[in-house]
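Notes follow once the structure below has been shown.
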């Protein structure tokens, strides 16, 4: 009996170690599915795991988020935060999920969800001041939210210096967003051009300026920039989507927009690309 009592803890320890090792392998498989935008497959795999830790809840929440299931995503991120309250990334994703829920909710529930988004963005930045994506999302919240929800242009402007320390080109983009909000369009354009000068090989910087010029109905200049973007990233799926979105917003080149969106949907995508459902929505809009 004494030997059995000594053996039992060792067997239990081995059992849980085996479970953890199997879970780690499944988590890596789920990450690969996620990177291939096979979100439903990743969700099925992660949901089947008997033991879920912070990274598992985070990835499950990310997959639900990419599927547009923001309530399910926020529930997963809440569990990730509960597992590790000092993880800035978990708070950031939870803020994103609450933000999207606020955007898609009724006027009765949206304010409370928006406040939760702000709280978690602020907590993420507090925990990791160098997380440029969290700082950017907090900036966008302050820029767009009304004062009674904790937003405001002054609060957004207060983040400019921090953004500049992390990414000088991104600061110019933020300056442009702020100027555009104030309807200072010449200043906005100036900062977008400065951002492009800072990072001339970044596809996003070219797209940002092209989109701004298209909104100003300066289509010839916008098209020249899109041609420049094509040289930077030939065949880019993201560029196809962005070009189509610009055409649709301007109400021009709609047949070309339809072709580009179909090519986009046939392309191998990553989580960094616009979601397939958004391209499908734009296609339905064209119909």
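The values are calculated or read from the model by the stated rules, or taken from the named source; none is laboratory data. From a predicted model like this one, the values you see are computed outputs, not experimental measurements. Counting neighbours? That spans all protein chains shown, and the Cβs are built from the backbone with ideal geometry, glycine included.
Annotations
- Checked against the criteria, residue 226 does not count as more than 17 Å from residue 173 (Cβ to Cβ), touching a residue at least 24 places away in the same chain (Cβ under 8 Å) and part of a helix (DSSP H, G or I).
- Residue that is nearest to residue 130 (Cα to Cα), among those in segment 104-115 that are surrounded by fewer than 19 Cβ atoms within 10 Å (Cβ to Cβ) and modelled with pLDDT of 95 or more: 115
- Residues that are surrounded by fewer than 17 Cβ atoms within 10 Å (Cβ to Cβ), closer than 23 Å to residue 63 by Cβ and at pLDDT 95 or above within segment 277-287 comprise 278, 280, 281, listed in sequence order.
- Only residues that are assigned to a helix (DSSP H, G or I) and either closer than 9 Å to residue 169 by Cα or touching a residue at least 24 places away in the same chain (Cβ under 8 Å) (or both) were counted across segment 193-212, and they come to 13.
- Unique match (being part of a helix (DSSP H, G or I), touching a residue at least 12 places away in the same chain (Cβ under 8 Å) and more than 20 Å from the chain's Cα centre (by Cα)) among 169, 179: 179
- Check on residue 220, modelled with pLDDT of 95 or more and surrounded by fewer than 19 Cβ atoms within 10 Å (Cβ to Cβ): yes
- A single member of 195, 229 is under 23 Å from residue 135 (Cβ atoms), at pLDDT 95 or above, surrounded by 15 or more Cβ atoms within 10 Å (Cβ to Cβ) and within 24 Å of the chain's Cα centre (by Cα), and it is 195.
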